[in-house]
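Below is one structure, written out as structure tokens, with a few remarks after it.
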Amino acid sequence: MAILKKSWLTNFLVWRAKHITERQFIYILSVLVGFTSGIGAVILKNLTHFYQHLLEGNLVRYYHHAFYFVFPIIGLVLVYLVIKYVIRNKVSHGIPSTLYAISKRKGIMRRYQMLGSILTAPLTVGFGGSVGLEGPSVATGAAISSNISRMFHMNQSARNLLIGCAAAGALSSIFKAPIAAIIFAIEVFSLDLTIASMLPLLLASISAIITSYFFFGDDVLLPFKIEDSFKISDVPFFVILGLVAGITSIYFTEVYDRVQKFFDKMGSPIKRLLIGGVSIGVLVFFIPPLFGEGFDVINNLVKGNPDKFLQNNIFNLDLSNIWTVILLLAGLVVFKIFATSITFGAGGVGGIFAPTLFMGSLMGNCVAKILNNIEILSTRISESNFTLVGMAGLMAGVLHAPLTAIFLIAEVTGGYELFIPLMITSAISFSITKYVHPHSVYNMELGRKGELITHDKDHAVLTLMDIDKVIEKNFVAIHPEMTLGDIVNKAVVKSNRNIFPVLDKKDKRLMGIILLDDIRSVMFNQSLYDKVIANDVMHNPPDVIELEKDKMTDIMDKFQSSGAWNLPVIKNGKYVGFITKSKLLTAYRRKLINFTK
């Protein structure tokens, strides 16, 4: 059976090479990837709704407060068991794991990742974890795309492009916003905006949204319609909203980062599960709107019905007082990111896209209510518009994706009436957050390590290069006590290189280097063969490359600053080999050509 399958695939690849060009085949695969991403998003959504439907029996209806505490813990325990006994591999957060695969694994994602998020994310969200499904949808589509690319022997640049197509397909399917989905793939995955990349992204986005319409019909996740038109007199208030969105984005990023670091310090996954599970259970018990994704809260907020999700507040506060409503909404903004971060810390699988929209809508509505009730304005501003623009503002700041934020809200509202306020708020929020946090929540860890693919082509190419492939090991090593005679007869004569590493005899630690120029004046004086030893003529290298620490950008900087043509490489203090500038530049040129293609 395996031989038959291999034979079929080989025959197809031969036929394809003869009849279909590389670019045409990428177009075909982009349609397939869009379809599979759409299917993945549909499965994730339906599984989540299935779990939620199971939990909405009479028991929950009458004793819901107690179950708000229990369900998230049950969900996290089930996720832990599935990961440990079914998947048997770590299931990372959706989009960060995809970015890592692009930057460090050449676009290769392991097969289990195709099912990892599908099996775990619906359990996390369906049982009340305060995260979203967008990230897992992207990760699922990306993993399927990567494995399809490998099956058809696509190169690295094609794999990365098709992963971007999968991301566009997933977002297009979920929100029915095909243009925003394409822009998301370009902004977040740092794809080059060219005709060669635009058409596959467009095809993937179209095929995914058609798939979504086939399964869900006209139903949309965020059914918004703009009721109030934009007035030029509102511009100063949207500037205020942009400032508040920037500050809130910084708060979101700081809390997320610190909570993740807190849980990372716990060695035991059981300990993380217990502490995180109980914490999220307590939060959801006291603040029920934090349960799950929160799109019902967003929809009620836009429609002007905050009472529907605030009436069961634990303090039984009077909602007829507008300042009470504002206080409760602000409390949801403050605590949502804690609930999201704790869900992740406890081992839950999900994304931050939905929590960002949740917090943004609440923040925008809060700002509008405050401005309308401080009795300074002569006319009231639109609370629904501020709710929508608030989502864009926070998305621009937290995700570092201002264009995605603008076009997503424009598309889901069915028009571009709010385009100007969307641009103002998103630009201000993004600028403020970018100044404080150079990297988004998605790529914070990769950015710190210098492993992030960006729109800076030189940096992107260096990031994609493999250090191990440019290390040369055909150098003859000598030890400090070796005599000049031995150096000449055992090293110089046998080597075609003009540099020799001097290593400690016991542990192979690099002691220094000897250049052929260092011994050229004495190497033919046989009277010195037994008098001069390596220790007398060796010297320190201009710089040293540390394999476990230095990135390719650091290596380039060391060559630039030292002016050297050869630099030794060490790992844990032990000599590994040399990197030569000529081989490094040759590898860089080859990678640049492939990257540009």
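Points worth noting:
- Split the accessible area of the chain by element, probe 1.4 Å, and carbon with sulfur accounts for 60%.
- Look at the dipole of the chain built from charges on Cβ: of THR248, ILE326, PHE50, the Cα furthest out on the positive end belongs to PHE50.
- Counting only Cβ charges, +1 for Lys and Arg and -1 for Asp and Glu, the dipole size of the range 70-123 around its Cα centre is about 360 debye.
- Pairs beyond 24 Å (Cα-Cα), from LYS84/LYS336; LYS469/LYS505; LYS531/LYS581; LYS45/LYS90; LYS45/LYS271; LYS106/LYS551: LYS84/LYS336; LYS469/LYS505; LYS531/LYS581; LYS45/LYS271
- Size of charge dipole - the chain - debye, nearest 20, with Cβ of Lys, Arg +1 and Asp, Glu -1, no other charges: 2320
- Helix-only [θ]222 nm of the chain, DSSP H runs n ≥ 4, -39500 (n - 2.57) each, per residue, nearest 500: -20000 deg cm²/dmol
- Computed packing ranks the peptides 525-533, 345-353 as 345-353, 525-533, most packed first, by mean other Cβ atoms within 10 Å.
- The range 151-207 and the range 545-567 have their alpha-carbon centroids 34 Å apart.
- Phi angles of the range 499-504 translate, via the Karplus equation with coefficients 6.51, -1.76, 1.60 and θ = phi - 60°, into HN-Hα couplings of 9, 10, x, 9, 10, 5 Hz per residue; Gly and Pro are given as x.
- Label corresponding to Kirkwood radius over Cα pairs in Å when calculated from the structure given, among (i) 26.8; (ii) 25.7; (iii) 24.2: (i)
- Ranked packing of 327-340, 73-86, 553-566, 123-136, most packed first, by mean Cβ within 10 Å: 123-136, 327-340, 73-86, 553-566
- For the range 295-301, putting each phi into the Karplus relation 6.51 cos²θ - 1.76 cosθ + 1.60 with θ = phi - 60° gives couplings of 5, 5, 5, 4, 5, 5, 5 Hz, in residue order, rounded to whole numbers and with x for Gly and Pro.
- Amide H within-cut-off set for GLY577, under 5 Å, with H built and near neighbours excluded: VAL569
- Close amide H pairs (under 5 Å, H built 1.01 Å from N) link VAL532 with LEU484, residues at least 5 positions away or on another chain.
- Positive-end ranking of GLN113, ILE83, PRO72 along the dipole of the range 71-126, with charges on Cβ about the Cα centre, is headed by GLN113.
- Under-5 Å amide H pairs with LEU503, H placed in peptide plane, nonlocal only: ILE478, HIS479, MET511
- Among 162-174, 95-107, the order from most to least packed when residues are scored by Cβ within 10 Å on average: 162-174, 95-107
- Simple rule: put +1 on each Lys or Arg Cβ and -1 on each Asp or Glu Cβ in the chain, find the dipole, and look at ALA405, GLY573, SER173; the Cα lying farthest toward the positive end is GLY573.
The values are calculated or read from the model by the stated rules, or taken from the named source; none is laboratory data. Predicted model, so just to flag it, every value in this text is computed and none were measured. Virtual Cβ from ideal backbone geometry, glycine too; neighbours counted across all protein chains shown. Just the protein is used for accessible areas: all its heavy atoms, side chains included, with ligands, DNA and RNA removed. Shrake-Rupley method; radii C 1.70, N 1.55, O 1.52, S 1.80 Å.
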